[in-house]
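The values are calculated or read from the model by the stated rules, or taken from the named source; none is laboratory data. Source: prediction; values computed, not measured. Virtual Cβ from ideal backbone geometry, glycine too; neighbours counted across all protein chains shown. Heavy atoms of the whole protein, side chains included, go into the accessibility calculation; ligands, DNA and RNA do not. Shrake-Rupley method; radii C 1.70, N 1.55, O 1.52, S 1.80 Å.
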Amino acid sequence: MSTMFHRRLLMALLVSLAFAAFPASTTYADHSWNGYHWARTANPFNLKLGDNVSSAWDSYLTTTASSNAYGWGWSSVLNTSIDSGKNLSNLRKCPPTSGRVEVCSYKYGTNGWLGLAQIWISSSHITQGVVKLNDSYFDNSRYPKYNTAPWRNLVMCQEVGHTFGLDHQDETFNNPNLETCMDYTNDPSTNQYPNQHDYDQLAAIYAHPDSTTTVGQTVQSGPGKGKLPPSLTDPDSDDPVQLGTAQWGKLIRSTNNGRTELYELDLGRGHKVLTHVIWADPEDLPAPARGRR
Ligand SMILES: [Zn+2]
Ligand SMILES: [Zn+2]
């Protein structure tokens with residue numbers, strides 16, 4: 001009898017241990033971008049996206065900013081609204097504006113990258129963000145593959161998603177799609193919009209209130225806040241063929257033979273600029289760009 005009792009106790013113990021070993025990880029993927037987040041005192045907070053994109057991109061910006069299930073505004077913790085852009089006469093540099101995200105499209109050159117997202121960090125708080133969409137691929141008859149709704153949706157949605165502090169859910173191009181724009185793929189047809197894991201991750205990142213806010217701030221102070229570091233104001237600073245990628249700082253992560261890369265520029269005193277870059281398929285690049293690696 002006592003042996004039986006002990007056996008049952010042991011079984012109960014093993015069962016509870018098995019459950020304890022797989023808690024949240026099976027519930028949703030952890031893909032926060034190093035815990036970076038906008039400081040705000042309450043949820044939902046409203047983040048303005050500056051519209052500096054061409055008319056060909058307008059509907060994609062509207063989709064990703066919408067509050068329906070195709071947009072980031074579907075999240076319970078944040079709303080996004082489209083505001084007039086501050087960079088319409090300065091699309092090439094597309095400088096940041098404190099407290100919001102500027103989204104720019106421009107022919108940045110056939111330098112290899114389709115899009116990038118940059119966030120300025122003060123300690124762990126995001127203070128401003130920039131998204132650049134490279135029309136040298138999206139609006140170029142030599143690359144018809146990218147001038148499609150799925151590719152435009154994926155890149156717009158993913159780069160804007162990075163500016164909230166989200167990382168990729170998956171970085172392998174040729175495995176089954178996770179049905180989120182935060183998943184790399186060679187076929188974006190089913191990876192055009194956020195999925196529930198993204199909204200769950202946002203809820204986790206923004207679960208805690210802050211005592212201060214970095215959203216909507218117009219006061220410009222501190223290094224890197226409201227202005228570009230010198231290396232990023234160079235007119236050709238986003239053309240790695242001409243200048244290399246050094247202007248984005250140190251390469252801190254590279255996957256898929258360099259098709260996805262993350263750079264970090266340290267401005268000192270806890271201030272950093274981080275740049276997420278999605279590169280075009282190497283087969284789509286002209287010979288000089290293909291040879292740069
Ligand atoms: Zn915080
Ligand atoms: Zn990305």
**Asked** Residue separation times 0.36 nm, minus the C-alpha to C-alpha distance between Ala56 and Ala204: what's the value?
**Response** 49.9 nm
**Prompt:** Under a plain spin-label model, where a point goes 7 Å from the Cα along Cα-to-Cβ, how far apart in nm are Glu283 and Thr213?
**Reply:** 4.9 nm
**Complete:** In whole percent, the fraction of accessible protein surface over the stretch 173-218 that belongs to carbon or sulfur atoms, probe radius 1.4 Å, stands at 51 percent
**Request:** Within the stretch 52-71, find all residues whose amide N lies under 12 Å from a label point positioned 7 Å from the Cα of Thr190 along Cα-to-beta-carbon.
**Result:** none
**With DNA, RNA and ligands ignored, accessible area of Arg259 (1.4 Å probe; Å², nearest 10)** = 30 Å²
**Complete:** Which residues qualify? For Tyr193, with a placed amide H closer than 5 Å and at least 5 residues away or on another chain, they are Cys181
**Request:** Starting from the amide H of Thr97, placed 1.01 Å from N in the peptide plane, find each other amide H under 5 Å away whose residue is 5 or more places distant or on another chain.
**Result:** Glu102, Gly129
**Complete:** Nearest-0.05 FRET efficiency for Ser76 and Asn147 at R0 = 25 Å, using Cβ-Cβ distance, is 0.15
**Request:** Summarise the accessible area of the stretch 40-107 (1.4 Å probe, protein heavy atoms) by the percent that is carbon and sulfur.
**Result:** 49 percent
